[in-house]
Amino acid sequence: MTLAVFWGCTCIAFGPALGLCLVTVLRHPLRVIILVAGAFFWLVSLLLSSLVWFIAVKASDPGNKPLQKGLLIFGVLFSVLLQEAFRFLYYKLLRKAIEGLVALSEDGCSPISIQQMAYVAGLGFGLMSGAFSMINLLADALGPGTVGIHGDSQLYFLTSAFMTMVVIFLHTFWGILFFHGCETQRWWEMAAVVLTHLIVSGSTFWNPLYVGSLIPSYLLMFAMAAWAYVLSGGCTRNLLQRLQGQQSETSPQPGS
Amino acid sequence: RKVSGGAAGLGPVVGGSLNCVSFSSGVCWANSVERKIYIPLNRTAPCVRLLNATHQVGCQSSMNGDTGVIHVVEKDQDLNWVLADGPHPPYMVLLEGELFTRELMLRLKGTSRVSGLAVAISKPSPPRGFSPGLQCPNDGFGVYDSDYGPQYAHCNWTVWNPLGNGLSYEDFHFPIFLLEDANETQVIKQCYQDHNLPRNGSGPEYPLCAMQLFAHMHAVTNTVTCMRRNSIQSTFSLSPEVVCDPLSDSNVWSTLKPINASRKMDPADEVVIVATRIDSHSFFWNVAPGAESAVSSFVAHLAAAEALHKVPDALTLPRNIMFTFFQGETFDYIGSSRMVYDMERNKFPVRLENIHSFLELSQVALRNSSALWVHTDPVSGRNESVRPQVRALVETLLNSSLGVNVTLQEVSQSQPLPPSSFQRFLRARPIPGAVLADHRAAFQNRYYQSVYDTAENILMRYPEGLSPEETLDYVTDTAQSLAEVATVVARALYQLAGGTGNTSAIQADPRTVSRMLYGFLIKTNNSWFQSIIKQDLKGLLGDEPPQHYIAVSYPVNTTQLVQFVLANLTGTVVNFTKEECLNPERAPGADKEMYDYTWVQGSREPNSTSRVPFCVQSTVHLTKALSPAFELKEWGSTEYSTWTESRWKDIRARIFLVASKELEIITLVVGIAILVLSLLATYFINAKAHVLFSSPGDVAY
């Protein structure tokens, strides 16, 4: 669909992630390392789960459509569980890393906290997941044609870009929630992450009824965002104070 | 010609391979997203660029293909939408074969609202005839010019191809493809009807169905330019990028009495040459069925050769007979000009002085009420030394038709020769000769050098329900008629070569003619062809009708098949082993200088899958058919053919939907807005993080 659509979809899908990276991650070398390592962990989990799915598909009859659909659902399920397992593994690795950083530091304090690590790890997971979702679509978006000649929806690229954006955000918030659950031994937080991940991935089976996949995902994303905000130490009072503070600053004050 | 390799766009390759489920060595076709967007058109033939000394002809597309909104033109009024009314130019026109005329093409050529053309082959063939060749084929390269018979030059006396509209020799700046498969044409029309028709009075709405044609040609201007660029590339570059190739292949020739091919013929020996052409052309690349223009003549020629070899006193005739099959005659006589050039420079065993007479078979399949016309050259007919020999030749021909259902008649002696290889020989030396054709003045062939010159054009009809084996052997009326022509030719040749016996026993075999017609016009992959070719040439035979275009890489299938058929029909089986046959110097009794030995795979044994191969001894030879202009490096020559074919990388076609510009711009604007918004939001949140995230009792940053 030409260059305009290519850049538009790239900005939609990766714009917020780019903003987050530029402002919070790229200036801190330790965070960059954790970001890239997180991306790698997600990549390994995808490789293993896709290997399992590929073997299952090759071993089965390609003509049997319900079986192939079932195998796809199984593949998605397995992949979600494997991604969360790798998130747990990464948490364990980062825990060990913090002990090492504490030992190396001068004042007995780690230069990066586990909450920051959680955020960056989640962002890393999200970036790699978004890349794998979106890159081959973007490559085909460069050509002159758009989706639709076989009857599919024309909004394919746009909805895929929005879905990628929401998945990147979700991975970031899941990272924060999951690590918090692991830190404070609250297993129900980890279970909530896994459950919502399953719901979001499962909702994509509603496609091409894009309403059925985008709206639940965005609602869940806002819910996760609020929860992560609260867990990170923010509260609504501060938010409202901040906003009011802004308002009172802008309105002229007598005598100041 | 396709150039392999080269750098494709990196993005699509990287992205496209990610989703490809293929770890094996199989070709990774398209990923699932590409399959959602594009429908490739597989059964198409492009129009490519050909160049000669002064011009470029054919079609050209942009480097990354030409895209346009499809519009189906089924009648003349539909064209107004494309040329003036349509709101979404440029258009890609899907044309019915009937409307593919010169005046429509000139209208399309003059506008910038057309980005390409797809022609749907019309079944049945257009009833008024269609010929994209010239009205005066090979003008300027025959014998008639301002010095020799000026009143006959440039078809001033007779227009040979009155239906010729010259489209093959026009230069188009947009790609033109032929849609050979009616199913694909239907898919395109369905897409057009679903998306491109105007609704409720207003114009058609996006998304619209569009087509993209890739046919970028590397060569430009003319042969001189592209050969000069080739030589610069070859001299200075480590990996030269050749832009064009000369059209070349091989001529096939054989003699009735074996001669030593490496030594020159004795000046006292005389040879009667019988010649036909074996190639044709059409507007589209590698589509050249050439039934009437080439196949009919060389099949009759092959049948005459077989009949002559069966004559008992063939080897004791006073003069030899040389059966010559010229390749490339469609493109200003490439094969015959090369042979004459070789003869003049003593590079060919036969010299021009050895030629006693010349007989050529032109188009012979569409005889009107069994009439076959004898054409002679009027200018050399006035030459006192040549005239009696020409008269004797014509007398012999007329006598040979007694008892056969062929009425030989001579055309008016002031009429010039039709376009024929004989004209190139006359350019070098006045030789007595004649050209046999089924037309008196203008061609009977209404589809000369077009895609419609197929088996149906020469009225080959088979009854329903025959198996392929039965069809191979079924003698059609066309086969019978060509066998009669071959009989006449064989008897005439026997007498011209000095034979004095009774000629009524010389008969061409209609069954052989029908097998050859089937093999060269309908399907090359039949049992007879399979039994006469060499073992390692399986790729030679296919299931589609064969095309007889000269191409640039040799030898082409047609030349090889003519060689094998000629060897089978005129050669003898010798009792050599495979080792001896492939290395004749070790075989006892083999004469490598006089004969050619071929190990053919033979026919299948009944109730078995193995074949019984054997060795064939024949006098069949190949000589190079490359225009002398390329040997002499005179690329701007007006004396010899200078035709070259451009090279290209990628030729394909596909259809898809295009979205409106508004939707694309909206996507871009939304994307940029989200990017800017998120950058700003992140910056502000980060700046105020200490305020937003400071809550007592929890870990702060």
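Quick notes on this structure:
- Considering the stretch B:302-334, the residues that are under 23 Å from B:T500 (Cα atoms) and of a type in the set (S, T, N, Q) include one that is nearest to the chain's Cα centre (by Cα), namely B:N320.
Each row is one residue, and each column tells you yes or no for (1) part of a helix (DSSP H, G or I); (2) in contact with a strand residue (DSSP E or B) (Cβ under 9 Å, 6 or more places away or on another chain).
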{"site": "A:I98", "(1), (2)": "yes, no"}
{"site": "A:C109", "(1), (2)": "no, no"}
{"site": "A:M128", "(1), (2)": "yes, no"}
{"site": "A:A139", "(1), (2)": "yes, no"}
{"site": "A:I149", "(1), (2)": "no, yes"}
{"site": "A:S153", "(1), (2)": "no, no"}
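- If you go through the stretch B:223-280 and pick out every residue that is crowded, with 22+ Cβ neighbours inside 10 Å, touching a Phe, Trp or Tyr at 6+ places or on another chain (Cβ under 6 Å) and not in a strand (DSSP E or B), you end up with 4.
- Of the helices (runs of 4 or more DSSP H) lying entirely inside the stretch B:373-448, the ones with 2 or more residues being under 26 Å from the mean Cα position of the chain (by Cα) and assigned by the TED database to the domain that holds B:F331 are found at B:422-428.
- B:S467 vs. criteria over 22 Å from B:S369 (Cβ atoms) and without any contact (Cβ under 8 Å) to a residue 60 or more places away in the chain: yes
- The stretch A:131-157 - residue that is surrounded by fewer than 21 Cβ atoms within 10 Å (Cβ to Cβ) and within 18 Å of the chain's Cα centre (by Cα) and, of those, nearest to the other protein chains (Cβ to nearest Cβ): A:I135
- Looking across the stretch B:367-407 at every residue that is in contact with a helix residue (DSSP H, G or I) (Cβ under 6 Å, 6 or more places away or on another chain) and among the hydrophobic types (A, V, I, L, M, F, W, C), the one that is surrounded by the most Cβ atoms within 10 Å (Cβ to Cβ) is identified as B:L397.
- All conditions but one from (1) part of a loop (DSSP other than H, G, I, E, B); (2) in contact with a strand residue (DSSP E or B) (Cβ under 6 Å, 6 or more places away or on another chain) apply to B:P137; the one that does not is (2).
- Listing of helices (runs of 4 or more DSSP H) fully contained in the stretch B:605-701 that carry 2 or more residues being within 14 Å of chain A (Cβ to nearest Cβ) and surrounded by 15 or more Cβ atoms within 10 Å (Cβ to Cβ): B:661-687, B:689-692
- Checking each residue in the stretch B:92-111 for being of a type in the set (A, V, I, L, M) and surrounded by 15 or more Cβ atoms within 10 Å (Cβ to Cβ) picks out B:M92, B:V93, B:L94, B:L95, B:L99, B:L104, B:M105, B:L108.
- Number of residues in the stretch B:189-216 that are within 12 Å of chain A (Cβ to nearest Cβ) and part of a strand (DSSP E or B): the value is 7.
- Evaluation of B:G602 against the conditions (1) of a type outside the set (D, E); (2) on the phi > 0 side of the Ramachandran plot; (3) within 14 Å of chain A (Cβ to nearest Cβ) shows that the sole unmet condition is (3).
The values are calculated or read from the model by the stated rules, or taken from the named source; none is laboratory data. The structure presented is a predicted model; accordingly, all values stated were derived computationally and were not measured. With ideal geometry, Cβ positions are generated from the backbone for all residues, glycine too; neighbour counts draw on all protein chains shown.
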